[in-house]
Structure formats: C-alpha cells, structure tokens
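A.B. asks: The structure that follows is given in the form of structure tokens.
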Amino acid sequence: MRQAEISRNTLETRIRVSIDLDGTGKATLATGIGFFDHMLEQIARHGAFDIEIEAQGDLHIDGHHTVEDVGIALGQAFAKAVGDKKGLTRYGHAYVPLDEALSRVVVDLSGRPGLVCDVAFTAGMIGGLDTQLVFEFFQGFVNHALVTLHVDNLKGRNAHHQCETMFKAFGRALRMAVTPDIRLAGSIPSTKGVL
C-alpha cells in the first residue's frame, strides 16, 4: 500500500495531506489559492496519484507560508508512501508542451535533496499565486521528499502556460520514477544498496 497521510501544524499554517501513489489521478484540494490548487491538480492527474490537501494559512499576509508548507507536507507524504524504493524505476523525466510553452522536469529518488529550477516567468502573479512561490513549493518538496529535481521552462510567453507545463511535467516525471521495474526484482536501484 503506497499511501501516506501527513499533518503539519505551525503558527502560520495547518495542513493535512494524503497521497496514494497507485491512484487514478483524483484530487481534492483546498489551499485558499485557486491557481495553486489548479497546479496541484496537475500533479495528481498527470502523476496518476490520488491527492487530498487541506491547507489553512496566513493568507492575509501572503501566500508564502501556505505554498511552502504544502510543498513540505507533500514531500513528507511522498517520502513515506515511496518507502524503501525497492524495485522502483528511480529516475523519471517528462517534456510537456502547452501551446507556446514547453517545460522539462527530471527527477531522481536519490535520497538527497537537490533542486535546480530554471524559469523566467513572464508575469509576477498568476491569479492569486505569486510566481516566486513556485520555487518555494519545489524547494519544500525536495527537502522533505529527499529527491533531486531539475525543472526547466524551455519556452513560454504566457505565465499560466509556463507554470502549467512545469507542474504537468513534474507529475509525469514522478509517475515514471515510482513505477516498479520488474527487472530489478525488488532490489534497491543503486550500487550503494541504499537510497
């Protein structure tokens, strides 16, 4: 059962996340930031994960704490659901276009947090989401999922399209990485013997 549930409560946010890596792409999302919910839905749909996220944050200040803490909690839930990574593909990648925009995401379930995020958004806000917070979401995720993640927006003029291609590609890359590889026969996909 590759499922997990995490609760994260701080003075700034109260968050509950559940994930099923063997789901069908269902998402139940309530972060208080509409466009962020739309992006999280892309992860669920294109990753074929079932994800539930309830977040109450200090949105009267801004979205920073909410977006970052959702990334942290989702990363924790993902790490718990993945478990020891025996028999998994480990690596995943995806290129996703949306009209004029194109993004590439590559992930390694390495056991080491690392993020390279190369995107020059053409707008500072998309709906209620500050585009600077996209990096904070991914940083929170990789720090707690213990994955290496490269996110590159290769082309794009419309910031909505840029962001959506990134999140769709992220979901697809994660899906590939967590897919069992029958040739590994339940072994750890590393010469170290541990990830």
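The values are calculated or read from the model by the stated rules, or taken from the named source; none is laboratory data. As the structure is a prediction and not an experimental result, all values here were calculated from the model. In this analysis, Cβ positions are derived from the backbone assuming ideal geometry, glycine residues included, and neighbour counts consider all displayed protein chains.
A.B. asks: What are the residues in segment 166-195 that are out of contact with any helix residue (DSSP H, G or I) (no Cβ under 9 Å at 6 or more places or on another chain), touching a residue at least 24 places away in the same chain (Cβ under 8 Å) and not hydrophobic (A, V, I, L, M, F, W, C), if any?
C.D. replies: Thr179, Pro180, Asp181, Gly186, Ser187, Pro189, Ser190
A.B. asks: Looking at segment 18-54, which of its residues are assigned to a strand (DSSP E or B) and touching a Phe, Trp or Tyr at 6+ places or on another chain (Cβ under 9 Å)? So that I can check it myself, show each step before the final result.
C.D. replies: From segment 18-54, those assigned to a strand (DSSP E or B) are 18-20, 27-30, 50-54; that's our starting set.
Hits for segment 18-54 are Ile19, Asp20, Ala27, Leu29.
A.B. asks: Out of segment 1-59, which residues are under 16 Å from the mean Cα position of the chain (by Cα), of a type in the set (S, T, N, Q) and more than 14 Å from Lys168 (Cβ to Cβ)?
C.D. replies: Gln3, Ser18, Thr28, Thr31
A.B. asks: OK, next. Need a quick list: strands (runs of 3 or more DSSP E) entirely within segment 77-189 having at least 1 residues that are modelled with pLDDT of 95 or more, among the small types (Gly, Ala, Ser) and more than 16 Å from Met39 (Cβ to Cβ). Step through it out loud before you land on a result.
C.D. replies: Working: elements: 91-98, 101-108, 114-118, 148-155.
Filter on segment 77-189 gives 91-98, 114-118.
A.B. asks: Can you tell me which residues in segment 143-162 are out of contact with any Lys or Arg (no Cβ under 9 Å at 6 or more places or on another chain) and under 17 Å from Val116 (Cβ atoms)? Before you say what the answer is, go through the steps one by one.
C.D. replies: Taking segment 143-162 first, the residues out of contact with any Lys or Arg (no Cβ under 9 Å at 6 or more places or on another chain) are 143-145, 149, 155-161.
Within segment 143-162, Asn143, Ala145, Leu149 meet the criteria.
A.B. asks: Restricting to segment 60-97, name every residue that is more than 18 Å from Val194 (Cβ to Cβ), surrounded by 17 or more Cβ atoms within 10 Å (Cβ to Cβ) and out of contact with any strand residue (DSSP E or B) (no Cβ under 8 Å at 6 or more places or on another chain).
C.D. replies: Result: Glu68, Gly71, Gly75.
A.B. asks: Here's something else I'd like to know. Give the residues of segment 39-74 that are closer than 19 Å to Thr131 by Cβ, touching a helix residue (DSSP H, G or I) at 6+ places or on another chain (Cβ under 8 Å) and of a type in the set (D, E, K, R), sorted by residue number.
C.D. replies: Passing the criteria: Glu68, Asp69.
A.B. asks: Among the residues of segment 127-134, are any buried (at least 19 other Cβ atoms within 10 Å of the Cβ), more than 23 Å from Val178 (Cα to Cα) and within 14 Å of the chain's Cα centre (by Cα)?
C.D. replies: yes
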